[in-house]
Amino acid sequence: MDGATVGLAGAAQIFRIDRKVDLCRKGRVIKTTLLAFYGVTSLWTDEANPQRLLELVRGYWAIETKQHYRRDHTQREDHCLVRNPVAARNLSLMRSAAIFLYEHQRPHRGAEQSLPDWQRKNIRNPNALIRQLVPPTASRAAWFSPTIG
């Protein structure tokens, strides 16, 4: 079938990927779901055979998982109901800062093992984190004192 026939001008291939997803709890499969996903590409069959298309799709999801898993699952970014673009961007920046600070403390001995653990610890007692972000008292005075001159 030609891509233009179904309203996808420029599409060289339309493909289907069947997936079997097992939901596990305590090491046992409690539910199996069969899913079908469809894809469209501008790559012709000589540029991307079925194996190459599968590699490309897996590569996309590897990036999606690495970049967004923490935001989607740990910080529940997809469930955020904020619709104001400025507020949404600010929340995104705060989530990025939290991930950065978590990654920054990971190499240290006694560091929290997971992002949720680290977030819970800092929600209960944010003082240690604030001390990392705010300069020492001596330089803080210089920050806030007006210059006279």
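The values are calculated or read from the model by the stated rules, or taken from the named source; none is laboratory data. Remember, predicted model here, so these are calculated numbers, not experimental data. Ideal geometry is used to build each Cβ from the backbone, glycine not excepted, and the neighbour counts take in all protein chains shown.
Structure values in brief
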quantity: Test: Arg16 is surrounded by fewer than 11 Cβ atoms within 10 Å (Cβ to Cβ), over 30 Å from Ile99 (Cα atoms), basic (Lys, Arg) and without any contact (Cβ under 8 Å) to a residue 60 or more places away in the chain; calculated: yes
quantity: Breaking point among (1) among the hydrophobic types (A, V, I, L, M, F, W, C); (2) at pLDDT 80 or above; (3) over 27 Å from Ile17 (Cβ atoms), for Ala111; calculated: (2)
quantity: His108 vs. criteria loosely packed, with under 12 Cβ neighbours inside 10 Å and not small (Gly, Ala, Ser); calculated: yes
quantity: Residue selected from region 44-59 under the condition assigned to a helix (DSSP H, G or I) and either modelled with pLDDT under 90 or among the hydrophobic types (A, V, I, L, M, F, W, C) (or both), by the criterion farthest from Asp117 (Cα to Cα); calculated: Leu53
quantity: Flag for Val29 being outside the structural domain of Gln119 (by TED's automatic domain parsing), more than 30 Å from Ala12 (Cα to Cα), part of a strand (DSSP E or B) and at pLDDT 90 or above; calculated: yes
quantity: Any hit, region 58-67, residues being in contact (Cβ under 8 Å) with a residue 12 or more places away in the chain and more than 30 Å from Gln132 (Cβ to Cβ); calculated: no
quantity: Meets criteria (under 20 Å from Leu8 (Cβ atoms) and in a helix (DSSP H, G or I)) for Arg70; calculated: no
quantity: Residue match in region 76-85 (condition: under 18 Å from the mean Cα position of the chain (by Cα) and under 26 Å from Gln132 (Cα atoms)); calculated: yes
quantity: Top-ranked residue of region 60-89 - restricted to ones that are surrounded by fewer than 12 Cβ atoms within 10 Å (Cβ to Cβ) and over 28 Å from Gln113 (Cβ atoms), ranked as modelled with the lowest pLDDT; calculated: Tyr60
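Residues are listed down the side, and each one gets a yes or a no for (1) part of a helix (DSSP H, G or I); (2) over 30 Å from Leu133 (Cβ atoms); (3) over 17 Å from the mean Cα position of the chain (by Cα); (4) hydroxyl-bearing (Ser, Thr, Tyr):
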site: Arg16; (1), (2), (3), (4): no, yes, yes, no
site: Leu93; (1), (2), (3), (4): yes, no, no, no
site: Ala98; (1), (2), (3), (4): yes, no, no, no
site: Glu103; (1), (2), (3), (4): yes, no, no, no
site: Ala111; (1), (2), (3), (4): no, no, yes, no
